[in-house]
Amino acid sequence: RDMQRTYAMIKPDGVRRQLTARILQRFIDKGYRVIGLKQLVIPRELAEQHYAEHRERPFFGELVDFITSGPVVAIALEGENVITGLRAMMGATNPKDAAPGTIRADHATTIGENVIHGSANEEDAARELGLFFGDAELLR
Ligand code: DAT
(Lines give C-alpha, C1' and ligand atoms only; values in the text may rest on other atoms or scores of the structure.)
Protein backbone atom coordinates (compact mmCIF):
# COMPACT_ATOMS: atom_id res chain seq x y z
CA ARG A 1 0.00 0.00 0.00
CA ASP A 2 1.74 2.94 -1.43
CA MET A 3 0.20 6.43 -1.48
CA GLN A 4 0.89 7.90 -4.91
CA ARG A 5 -0.11 10.71 -7.22
CA THR A 6 -0.57 10.46 -10.94
CA TYR A 7 -1.63 12.48 -13.93
CA ALA A 8 -4.79 11.56 -15.85
CA MET A 9 -6.19 13.42 -18.81
CA ILE A 10 -9.46 13.17 -20.70
CA LYS A 11 -8.45 13.69 -24.31
CA PRO A 12 -10.32 15.99 -26.75
CA ASP A 13 -12.45 13.11 -28.09
CA GLY A 14 -13.66 12.29 -24.58
CA VAL A 15 -14.45 15.91 -23.72
CA ARG A 16 -16.24 16.39 -27.05
CA ARG A 17 -18.34 13.30 -26.38
CA GLN A 18 -19.43 14.48 -22.89
CA LEU A 19 -17.57 11.70 -21.06
CA THR A 20 -15.94 13.93 -18.43
CA ALA A 21 -18.39 13.37 -15.58
CA ARG A 22 -18.62 9.61 -16.13
CA ILE A 23 -14.84 9.22 -16.12
CA LEU A 24 -14.36 11.37 -13.01
CA GLN A 25 -17.03 9.31 -11.24
CA ARG A 26 -15.13 6.10 -12.04
CA PHE A 27 -12.05 7.51 -10.29
CA ILE A 28 -14.01 8.56 -7.21
CA ASP A 29 -15.88 5.24 -7.06
CA LYS A 30 -12.50 3.48 -7.16
CA GLY A 31 -11.51 5.43 -4.03
CA TYR A 32 -9.08 7.87 -5.61
CA ARG A 33 -9.06 11.54 -4.63
CA VAL A 34 -9.31 14.14 -7.38
CA ILE A 35 -6.79 16.65 -6.01
CA GLY A 36 -6.47 18.79 -9.16
CA LEU A 37 -8.82 19.48 -12.05
CA LYS A 38 -8.85 21.88 -15.00
CA GLN A 39 -10.12 22.06 -18.55
CA LEU A 40 -7.78 23.66 -21.04
CA VAL A 41 -6.66 23.72 -24.65
CA ILE A 42 -3.06 22.51 -24.56
CA PRO A 43 -0.59 24.86 -26.28
CA ARG A 44 1.43 23.05 -28.95
CA GLU A 45 4.72 23.46 -27.08
CA LEU A 46 3.27 21.92 -23.91
CA ALA A 47 1.87 19.01 -25.95
CA GLU A 48 5.31 18.37 -27.43
CA GLN A 49 6.84 18.38 -23.95
CA HIS A 50 4.16 16.07 -22.60
CA TYR A 51 4.73 13.57 -25.43
CA ALA A 52 8.51 14.14 -25.68
CA GLU A 53 9.23 10.38 -25.45
CA HIS A 54 7.33 9.88 -28.73
CA ARG A 55 9.14 12.66 -30.64
CA GLU A 56 10.78 10.22 -33.10
CA ARG A 57 7.69 8.08 -33.69
CA PRO A 58 5.91 8.33 -37.07
CA PHE A 59 2.62 9.29 -35.42
CA PHE A 60 4.08 12.14 -33.32
CA GLY A 61 2.66 14.93 -35.52
CA GLU A 62 -0.80 13.40 -35.53
CA LEU A 63 -0.61 12.82 -31.79
CA VAL A 64 0.20 16.49 -31.11
CA ASP A 65 -2.43 17.67 -33.63
CA PHE A 66 -5.04 15.52 -31.91
CA ILE A 67 -4.22 16.41 -28.30
CA THR A 68 -4.31 20.15 -29.19
CA SER A 69 -7.50 19.85 -31.29
CA GLY A 70 -9.86 20.90 -28.49
CA PRO A 71 -10.16 21.16 -24.73
CA VAL A 72 -8.81 18.39 -22.51
CA VAL A 73 -9.52 17.81 -18.82
CA ALA A 74 -6.32 17.62 -16.76
CA ILE A 75 -6.68 15.59 -13.55
CA ALA A 76 -4.36 15.04 -10.60
CA LEU A 77 -5.27 11.84 -8.77
CA GLU A 78 -4.12 10.55 -5.41
CA GLY A 79 -4.54 7.07 -4.00
CA GLU A 80 -3.01 3.76 -3.09
CA ASN A 81 -1.07 2.44 -6.06
CA VAL A 82 -2.96 4.90 -8.24
CA ILE A 83 -0.33 4.83 -11.01
CA THR A 84 -0.87 1.19 -11.97
CA GLY A 85 -4.50 1.35 -10.82
CA LEU A 86 -5.29 4.10 -13.29
CA ARG A 87 -3.49 2.25 -16.08
CA ALA A 88 -5.62 -0.82 -15.33
CA MET A 89 -8.84 1.24 -15.40
CA MET A 90 -7.85 2.74 -18.79
CA GLY A 91 -7.25 -0.52 -20.64
CA ALA A 92 -4.80 -1.17 -23.47
CA THR A 93 -3.61 1.66 -25.74
CA ASN A 94 -5.48 0.12 -28.67
CA PRO A 95 -9.15 -0.03 -27.61
CA LYS A 96 -9.53 -3.24 -29.66
CA ASP A 97 -7.20 -4.91 -27.15
CA ALA A 98 -8.66 -3.25 -24.05
CA ALA A 99 -10.19 -5.54 -21.42
CA PRO A 100 -13.98 -5.42 -20.99
CA GLY A 101 -15.12 -2.79 -18.51
CA THR A 102 -12.10 -0.54 -18.98
CA ILE A 103 -12.57 3.09 -20.00
CA ARG A 104 -11.11 2.49 -23.45
CA ALA A 105 -13.12 -0.68 -24.08
CA ASP A 106 -16.30 1.12 -23.08
CA HIS A 107 -15.73 4.48 -24.77
CA ALA A 108 -12.96 4.40 -27.41
CA THR A 109 -12.65 2.85 -30.85
CA THR A 110 -9.29 3.81 -32.36
CA ILE A 111 -5.69 3.84 -31.12
CA GLY A 112 -5.28 7.46 -32.19
CA GLU A 113 -8.34 8.71 -30.32
CA ASN A 114 -8.46 6.64 -27.16
CA VAL A 115 -10.23 9.01 -24.71
CA ILE A 116 -7.85 8.90 -21.75
CA HIS A 117 -4.22 9.39 -20.79
CA GLY A 118 -2.57 8.10 -17.63
CA SER A 119 1.07 8.40 -16.60
CA ALA A 120 3.01 5.20 -17.26
CA ASN A 121 5.24 5.21 -14.16
CA GLU A 122 6.35 7.26 -11.12
CA GLU A 123 8.84 9.35 -13.07
CA ASP A 124 6.31 10.25 -15.78
CA ALA A 125 3.66 10.96 -13.14
CA ALA A 126 5.86 13.52 -11.36
CA ARG A 127 6.97 15.08 -14.66
CA GLU A 128 3.47 15.31 -16.14
CA LEU A 129 1.86 16.61 -12.92
CA GLY A 130 4.53 19.33 -12.96
CA LEU A 131 3.71 20.25 -16.56
CA PHE A 132 0.01 20.75 -15.86
CA PHE A 133 -0.30 21.78 -12.19
CA GLY A 134 1.41 24.07 -9.74
CA ASP A 135 1.60 22.89 -6.12
CA ALA A 136 -0.86 25.58 -5.01
CA GLU A 137 -3.49 24.19 -7.41
CA LEU A 138 -3.58 20.80 -5.69
CA LEU A 139 -5.60 19.81 -2.62
CA ARG A 140 -3.58 18.71 0.35
P1 DAT B 1 -0.69 4.99 -23.60
O2 DAT B 1 -1.52 6.20 -23.95
O3 DAT B 1 -1.54 3.76 -23.43
O4 DAT B 1 0.26 5.24 -22.48
P5 DAT B 1 1.62 5.23 -25.37
O6 DAT B 1 2.30 6.02 -24.32
O7 DAT B 1 2.35 4.09 -25.99
O8 DAT B 1 0.20 4.67 -24.90
O9 DAT B 1 1.22 6.21 -26.57
C10 DAT B 1 0.72 7.49 -26.29
C11 DAT B 1 -0.38 7.81 -27.27
O12 DAT B 1 0.15 7.84 -28.59
C13 DAT B 1 -1.49 6.78 -27.32
O14 DAT B 1 -2.45 6.97 -26.32
C15 DAT B 1 -2.05 6.97 -28.70
C16 DAT B 1 -0.82 7.35 -29.51
N17 DAT B 1 -0.28 6.15 -30.17
C18 DAT B 1 0.47 5.18 -29.63
N19 DAT B 1 0.80 4.24 -30.51
C20 DAT B 1 0.23 4.65 -31.68
C21 DAT B 1 0.19 4.12 -33.00
N22 DAT B 1 0.81 2.97 -33.31
N23 DAT B 1 -0.51 4.82 -33.92
C24 DAT B 1 -1.13 5.97 -33.63
N25 DAT B 1 -1.14 6.53 -32.40
C26 DAT B 1 -0.47 5.88 -31.45
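General remarks:
- Net charge of neighbours whose Cβ lies under 13 Å from the Cβ of Gly118, counting Lys and Arg as +1 and Asp and Glu as -1: +3
- Heavy atoms of Lys30: accessible area, 1.4 Å probe, square angstrom to 10: 120
- Per-pair calculated FRET efficiency, R0 = 22 Å: Arg33 and Thr84 via Cβ, rounded to 0.05: 0.85
- Here the relative contact order of the chain, from alpha carbon pairs under 8 Å that lie six or more residues apart, stands at 37 percent.
- Between segment 87-120 and segment 35-69, the alpha-carbon center distance in angstrom: 17
- Per residue, the chain reaches -10500 deg cm²/dmol at 222 nm when only DSSP H runs of four or more residues are counted, each adding -39500 (n - 2.57).
- Under 19 Å from the Cα of Lys30 - aspartates and glutamates, other chains or at least 8 residues apart: Asp2, Glu78, Glu80, Asp106
- Cα-based shape type of segment 13-65, given that a ≥ b ≥ c are square roots of the gyration tensor eigenvalues and the cut on a/c is 1.5: prolate
- Under 23 Å from the Cα of Lys96 - lysines, other chains or at least 8 residues apart: Lys11
- In loop segments of segment 9-88 as defined by DSSP, the GluC sites (Glu not before Pro) with at most 14 further C-beta atoms inside 10 Å of their C-beta are Glu56.
- Counted charge near Val15, where neighbours are those whose Cβ lies closer than 14 Å (Asp, Glu -1; Lys, Arg +1): +3
- Given charges at beta-carbon only (K, R positive; D, E negative), |dipole| of the chain in Debye: 480
- Projected label points at Glu137 and Asn94, each 7 Å from Cα along the beta carbon direction, are separated by 3.4 nanometres.
- Overall form of segment 47-139 per C-alpha gyration tensor (a/c, 1.5; a/b vs b/c): oblate
The values are calculated or read from the model by the stated rules, or taken from the named source; none is laboratory data. All figures in this text were calculated on a predicted structure; none of them were measured in a lab. Every residue, glycine among them, receives a Cβ derived from its backbone with ideal geometry; neighbour counts consider all protein chains shown. Ligands, DNA and RNA are stripped out before the accessible areas are found, and what is left, the full protein with its side chains, is counted by its heavy atoms. Shrake-Rupley method; radii C 1.70, N 1.55, O 1.52, S 1.80 Å.
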